[in-house]
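Chemist: First the structure, which I've put down as structure tokens, then a few questions once you've had a look.
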Amino acid sequence: LVRRIDGDLHYHLTENGIQFTFFTFRWMNNLLMRELPLQAIVRLWDTLFSEDSGGSGFEDFHVYVCAAFLKHFSETIQETSAEQLMLFLQELPTKEWGLSHMETLLSEAFILSTSFKDAQHHLTGTGAPM
């Protein structure tokens with residue numbers, strides 16, 4: 001998905017030996033609780049519960065939230081040296097995030113889910129060119 005939405009970011013991460021599982025495991029396993037302040041977590045989880053009516057909020061929509069998270073910090077990540085990448089990804093500058101930040105992030109995640117939800121080729125990197 002990241003390769004499709006931000007090829008330069010994907011290239012930077014892979015060229016620097018950063019595997020997505022190095023940092024996304026914690027994001028998925030803890031549902032971003034370590035990355036966001038409580039007010040933002042409550043807003044995020046409210047959306048995940050709302051999107052879960054079809055059984056996909058926590059399983060599917062959260063993936064798009066994480067992709068939107070990466071996209072949000074794309075420029076900074078691409079400017080970060082290889083030595084500092086993992087530190088940055090594990091300690092994102094989100095401690096002061098409030099509702100407006102989450103609204104923007106969730107809006108971007110919704111756009112991504114609408115665009116890619118039924119496009120399984122984003123998982124393999126194959127399919128028609130964009």
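The values are calculated or read from the model by the stated rules, or taken from the named source; none is laboratory data. Every value quoted in this text rests on a predicted model; they were computed, and no experiment measured them. Note: ideal-geometry Cβ built from the backbone for every residue, glycine included; neighbour counts use all protein chains shown. Note: areas computed on protein heavy atoms with side chains; ligands, DNA, RNA excluded. Shrake-Rupley method; radii C 1.70, N 1.55, O 1.52, S 1.80 Å.
Chemist: Taking region 45-92, which residues are in a loop (DSSP other than H, G, I, E, B), out of contact with any helix residue (DSSP H, G or I) (no Cβ under 6 Å at 6 or more places or on another chain) and modelled with pLDDT of 95 or more? Write out each step before concluding.
Modeler: Within region 45-92, the first condition is being in a loop (DSSP other than H, G, I, E, B), and the residues that meet it are 55-56, 73, 80-81, 91-92.
Imposing the further condition that a residue be out of contact with any helix residue (DSSP H, G or I) (no Cβ under 6 Å at 6 or more places or on another chain) reduces the set to 55-56, 73, 81, 91-92.
Across region 45-92, the qualifying residue is only PHE73.
Chemist: Confirm whether TRP97 is in a helix (DSSP H, G or I) and closer than 21 Å to PHE110 by Cβ.
Modeler: Working: in a helix (DSSP H, G or I): no; closer than 21 Å to PHE110 by Cβ: yes.
No.
Chemist: Counting just the residues of region 16-25 that are within 12 Å of the chain's Cα centre (by Cα) and open to solvent by 40 Å² or more (accessible area, probe 1.4 Å), which one comes out modelled with the highest pLDDT? Can you show your working first?
Modeler: In the first step, residues of region 16-25 are kept if they are within 12 Å of the chain's Cα centre (by Cα); the result is 20, 23-25.
This time we only want the ones that are open to solvent by 40 Å² or more (accessible area, probe 1.4 Å), so: 20, 25.
On the way: PHE20: 93, PHE25: 90.
Going through the qualifying residues, I end up with PHE20.
Chemist: Out of all the residues in region 72-84, which are more than 16 Å from the chain's Cα centre (by Cα), open to solvent by 60 Å² or more (accessible area, probe 1.4 Å) and either closer than 15 Å to TRP27 by Cβ or not acidic (Asp, Glu) (or both)? Step through it out loud before you land on a result.
Modeler: Going residue by residue through region 72-84, those that are more than 16 Å from the chain's Cα centre (by Cα) are 79-84.
Now narrow it down to the ones that are open to solvent by 60 Å² or more (accessible area, probe 1.4 Å): 79, 83-84.
Answer for region 72-84, where residues must be more than 16 Å from the chain's Cα centre (by Cα), open to solvent by 60 Å² or more (accessible area, probe 1.4 Å) and either closer than 15 Å to TRP27 by Cβ or not acidic (Asp, Glu) (or both): just GLN84.
Chemist: Sticking with this structure for a sec: Any residue at all in region 55-71 that's of a type in the set (S, T, N, Q), out of contact with any strand residue (DSSP E or B) (no Cβ under 7 Å at 6 or more places or on another chain) and open to solvent by 60 Å² or more (accessible area, probe 1.4 Å)? Lay out the reasoning, then the answer.
Modeler: Here is the first cut: in region 55-71, the residues of a type in the set (S, T, N, Q) are 56.
Checking which are out of contact with any strand residue (DSSP E or B) (no Cβ under 7 Å at 6 or more places or on another chain) leaves us with 56.
Retained after the next criterion (residues that are open to solvent by 60 Å² or more (accessible area, probe 1.4 Å)): none.
No, region 55-71 contains no residue that is of a type in the set (S, T, N, Q), out of contact with any strand residue (DSSP E or B) (no Cβ under 7 Å at 6 or more places or on another chain) and open to solvent by 60 Å² or more (accessible area, probe 1.4 Å).
Chemist: Specify which of the listed residues (LEU9, LEU13, LEU38) is hydrophobic (A, V, I, L, M, F, W, C), more than 15 Å from HIS62 (Cβ to Cβ), modelled with pLDDT of 90 or more and loosely packed, with under 15 Cβ neighbours inside 10 Å. Give the steps one after another, and end with the answer.
Modeler: Values: LEU9 fails: loosely packed, with under 15 Cβ neighbours inside 10 Å; LEU13 fails: loosely packed, with under 15 Cβ neighbours inside 10 Å.
Unique residue meeting the criteria: LEU38.
Chemist: What are the pairs, 6+ residues apart or on separate chains, where a residue within region 16-36 that is within 13 Å of VAL2 (Cβ to Cβ) has its Cβ under 9 Å from a residue that is of a type outside the set (Lys, Arg) and open to solvent by 70 Å² or more (accessible area, probe 1.4 Å)?
Modeler: Pairs that qualify, where the first residue is within 13 Å of VAL2 (Cβ to Cβ) and the partner is of a type outside the set (Lys, Arg) and open to solvent by 70 Å² or more (accessible area, probe 1.4 Å), are PHE23/GLN90.
Chemist: In region 85-97, what residues are surrounded by 12 or more Cβ atoms within 10 Å (Cβ to Cβ), under 16 Å from PHE23 (Cα atoms) and not aliphatic (A, V, I, L, M)?
Modeler: To start, the set of residues in region 85-97 that are surrounded by 12 or more Cβ atoms within 10 Å (Cβ to Cβ) comprises 85-86, 88-90, 92, 94, 97.
Of the ones still in play, those that are also under 16 Å from PHE23 (Cα atoms) are 85-86, 88-90, 92, 94.
Within region 85-97, PHE88, GLN90, THR94 qualify.
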